[in-house]
């Protein structure tokens, strides 16, 4: 069968195949080493066409079959908003643990992606920002969607000051309010810590 993953990211991604359940929470992982979009979430496909079973191999030699192909729309965190991103020619396989978003496929459609400061930023063909995906503690760029009012334990937990930094050094008090009002997606924010709101980068910027 075909190799779904190549490049340095393959080992990290392959290690997670099958980790997640196909029920909530819904998980997307953005990967520069994947050659195709693939998802186990049948209900999220807008179109789905059966295909003869197509075998794929992950970098750890694990094999699985894709049995259909279609289009789907995923939600991408974008600051305090959530953007919608349409994925085309997505393979369906109930054997994988989450939706794998191929950066290479997005590139072919005219999207561009940058990786900097622990954030994967996605730009559409007109250079508008579509989404910002934070890097997890395991070094993966992933988004975890829980049920309304529920945040999965598998989502990364960050501090208010870390949120402040990841959102372009907005006011820490604004960052806290966004988290308190449930306007932050993709991560959990620890609101219990009475941390110092001192930010060396902000102090330096104001002094120059």
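For the reader, a short list of remarks on this structure follows.
- Total residues in region 49-71 satisfying the condition of being in contact with a helix residue (DSSP H, G or I) (Cβ under 7 Å, 6 or more places away or on another chain) and either surrounded by fewer than 18 Cβ atoms within 10 Å (Cβ to Cβ) or modelled with pLDDT of 90 or more (or both): the figure is 2.
- Filtered by the rule that a residue be in a strand (DSSP E or B) and surrounded by fewer than 16 Cβ atoms within 10 Å (Cβ to Cβ), region 103-127 gives 112, 114, 115, 116.
- Residue in region 26-39 that is modelled with the lowest pLDDT, counting only those that are within 16 Å of residue 57 (Cα to Cα) and buried (at least 22 other Cβ atoms within 10 Å of the Cβ): 34
- Candidates 53, 77, 94: the one that is at negative phi and outside any strand (DSSP E or B) is 94.
The values are calculated or read from the model by the stated rules, or taken from the named source; none is laboratory data. This structure is a prediction, so every number in the text was calculated from the model and none was measured. Don't worry about glycine lacking a Cβ; one is built from the backbone with ideal geometry, like all the others, and counts go over all protein chains shown.
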